[in-house]
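To keep things clear, I will list the structure first and then write my remarks on it.
The values are calculated or read from the model by the stated rules, or taken from the named source; none is laboratory data. None of these values were measured; they are calculated from a predicted model. All Cβ positions, glycine included, derive from the backbone under ideal geometry; neighbour counts span all protein chains shown. Each accessible area value is taken on the protein alone, full model and side chains, heavy atoms only, with ligands, DNA and RNA left out. Shrake-Rupley method; radii C 1.70, N 1.55, O 1.52, S 1.80 Å.
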Amino acid sequence: MLRFTIRPCHQLLPLLCTGLPIPQRSIAGAQSRPRAMAISSSSWELPLVAVCQVTSTPDKQQNFETCSELIREAARLGACLAFLPEAFDFIARDTMETLHLSEPLSGNLLEKYTQLARESGLWLSLGGFHERGQDWEQTQKIYNCHVLLNNEGSIVAAYRKTHLCDVEIPGQGPMHESNSTMPGPRLESPVNTPAGKIGLAICYDMRFPELSLTLAQAGAEILTYPSAFGSVTGPAHWEVLLRARAIETQCYVVAAAQCGRHHEKRASYGHSMVVDPWGTVVAHCSDGPGLCLARIDLNHLRQLRQHLPVFQHRRPDLYGNLGHPLS
């Protein structure tokens, strides 16, 4: 059973919508910071999204129970869409265990989530599923797959992570994602959802602004980076990169994160957050499993793009046309 405290909906939402500070740990450690630009629409008419923070382990059933509890709580609070982090299904101890625990999209675990989407009435961003693809028999490698389900439980998009995290960070230890994972072949076009048009990415992708610019030019209004950042790169780069991606694309950025110790070999930074197109963090989790909530104000986004038309000012004649629109 999760141990987190969430205030009743009628007490919580006005604080989130106006940007007033939320008391520490009112939503599993959630905080809100004042917005730099005022919300222009009636806040109660804006779509509400929930960002879930979990500590996945090799126990897939326990992970599902944790995620489903958060999703049901998000539905109770009035969200239309819930975001889960990378590796929401499990975080294994080694490559062999990762491959052993992986499943195809047609497997039992995704079936549970499709049923959960139908029962809760929520769209679900399943931020990084260990997928046995159609080439599993030939490659014996998987894909890190971001699956988007609608509220009827249908898969409306599946993005396979294109930038694999093969790094050796001093103090954090080596990570070679390519030992078990194949890079995805392409980006996916942004998808219309009740919260706005979402562009899908995963974790390490946030270090490549070309990807975010491509999604923004293809019409994305929300970029999502489900992640499992480590304890060294997290404090140094996590918030800085997310705010940068929001400012340069003038999109909302939603980043659900893994937190805490998964097993004896791995721990994650946490600090799930939502950043608005001005670069302000409008919802934020700190320590432990839980969720935070944010309103998505697309009118605010459109006004900002009108007043600060950076995409019209780009100079591809000088530095190339970074971020070609998707077909």
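Restrict the check to region 117-136 and report whether at least one residue is open to solvent by 40 Å² or more (accessible area, probe 1.4 Å), among the hydrophobic types (A, V, I, L, M, F, W, C) and more than 20 Å from the chain's Cα centre (by Cα). No - not one qualifying residue is present in region 117-136. On the stretch given as region 90-120, residues that are within 29 Å of PRO194 (Cα to Cα) and either assigned to a helix (DSSP H, G or I) or at pLDDT below 95 (or both) total 13. Residues of region 78-101 that are touching a helix residue (DSSP H, G or I) at 6+ places or on another chain (Cβ under 8 Å) and not aromatic (Phe, Trp, Tyr): GLY78, ALA82, LEU84, GLU86, ASP89, ALA92, THR95, LEU101.
Taken together, PRO194, PRO209, PRO185 contain a single residue that is closer than 19 Å to ARG243 by Cα and open to solvent by 20 Å² or more (accessible area, probe 1.4 Å), which is PRO209. Could you say whether any residue in region 91-107 is open to solvent by less than 10 Å² (accessible area, probe 1.4 Å) and under 20 Å from the mean Cα position of the chain (by Cα)? Yes.
Do the conditions hold for VAL156, that is, is it in a strand (DSSP E or B), crowded, with 18+ Cβ neighbours inside 10 Å and under 17 Å from the mean Cα position of the chain (by Cα)?
The answer is no for VAL156.
For the residues LEU293, LEU304, LEU241, the requirement of being within 15 Å of the chain's Cα centre (by Cα), farther than 19 Å from GLU210 by Cα and touching a residue at least 24 places away in the same chain (Cβ under 8 Å) singles out LEU293. Residues that are acidic (Asp, Glu) and either in contact with a His (Cβ under 8 Å, 6 or more places away or on another chain) or closer than 27 Å to HIS130 by Cβ (or both) within region 203-241 comprise ASP205, GLU210, GLU239, listed in sequence order. Residues in region 214-269 that are in a helix (DSSP H, G or I) and among the aromatic types (Phe, Trp, Tyr): 1 in all.
Only one entry in SER178, SER227, SER189, SER154 is touching a residue at least 60 places away in the same chain (Cβ under 8 Å), of a type in the set (Ser, Thr, Tyr) and farther than 21 Å from VAL54 by Cα, namely SER189.
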